[in-house]
């Protein structure tokens, strides 16, 4: 045999072996797949079925959460103390309706009042009477200097009971610091007017003395 024939024969043999190897490999592979499918199909499933069928079911039970409030009852007040016993009814001596009566005579009363100086008890007549007299406000300048004294004011009482035309009598006023306060106070006086024959008349020349004293 020549070298070429030997090479061709070797190549042919190699191809045949490759083909046979491929066929055998396929056969073995298919056999393994078929065997695995058979094992899976015929395996014992009891364990899987037992484990698969067991399930844990958690059920939450609702707890009774109703709150009962404690009601505090007020304490009962203490019972009242026993009332003191009533004193016994006084026993009066036997009264004799036929007893001698005591005669009491009326006390003699005499009134001897003389109304002078313009007062009259006649109907529709009467002199003026002061009703309201307002105290003057102490002047600040006199108060700060500690000045005390008095002041006389003369004015006219009108038919309506008011005052008008007040004038300070300078000779009867210890300080000029009291002039204005005395005049303002005299204008606030109220009088019952003088009545003559049922008619109210003015009374001029009425005087009033205002005294100023510092009290602590």
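Taking 7 Å steps out from each Cα toward its Cβ at residue 30 and residue 202 produces label points 15.9 nm apart. Principal axis extents of the Cα atoms in the range 129-212, from largest to smallest and rounded to whole angstrom, are 51, 22, 15. Under the criterion of Cα pairs below 8 Å and six or more residues apart, the relative contact order for the range 129-212 equals 43 percent.
Sorted on the mean count of surrounding Cβ atoms within 10 Å across their residues, most packed first, peptides 19-25, 191-197 read 191-197, 19-25. Using R0 = 30 Å, the C-beta based FRET efficiency linking residue 162 and residue 211 works out to 0.85.
Read-outs: derived from the displayed coordinates by stated rules, not from any lab. Being a predicted model, the structure only gives us computed values, none of them experimental. Cβ sites come from the backbone with ideal geometry, for glycine too, and all protein chains shown count toward neighbours.
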